[in-house]
């Protein structure tokens, strides 16, 4: 997690956040049933290992759901740049979030993602100088 540590202490892009890929599984083209279940279990174990390591480091995480950003994206509704960037990269998994952490008092989120059924599963992390909080539903 050297890259993650660098983002915690170093400069962030002008947007105030950075997103990085921590792990990518194999392509799932032509993978079905038992092989699929094994690939999914491997990916979930990768996420759990990262989450457990960060829980041990910073204390229990909290969940930030991606349901509202996904819904807003489907309706082309504006949302904060952080969530727009996640949606634009197909990083749609719910986030495990810690923060503020480190000397720079930054916020960290990690999630398991897959852009479509054949794409590799990805564990991604985001570091933000702003709190990562769940978006509220908008009234129509």
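Got at least one residue in the stretch 86-104 being assigned to a helix (DSSP H, G or I) and in contact (Cβ under 8 Å) with a residue 40 or more places away in the chain? The answer is yes; a qualifying residue exists. Counting residues in the stretch 48-61 that are surrounded by 19 or more Cβ atoms within 10 Å (Cβ to Cβ) and closer than 17 Å to residue 127 by Cα gives one or more. I'd like to know if the stretch 132-139 contains one or more residues that are assigned to a loop (DSSP other than H, G, I, E, B), touching a residue at least 24 places away in the same chain (Cβ under 8 Å) and in contact with a strand residue (DSSP E or B) (Cβ under 6 Å, 6 or more places away or on another chain). Yes, that holds for at least one residue. The set of residues in the stretch 4-41 that are in contact (Cβ under 8 Å) with a residue 24 or more places away in the chain, outside any loop (DSSP other than H, G, I, E, B) and within 24 Å of residue 57 (Cβ to Cβ) comprises 4, 7, 8, 9, 17, 18, 19, 20, 21, 22, 23, 24.
Just wondering, is there one or more residues in the stretch 33-47 that are closer than 12 Å to residue 110 by Cβ and touching a strand residue (DSSP E or B) at 6+ places or on another chain (Cβ under 7 Å)? Yes.
Taken together, the values in this text are just the output of simple stated rules run on the coordinates, not laboratory data. Predicted model, so just to flag it, every value in this text is computed and none were measured. Virtual Cβ from ideal backbone geometry, glycine too; neighbours counted across all protein chains shown.
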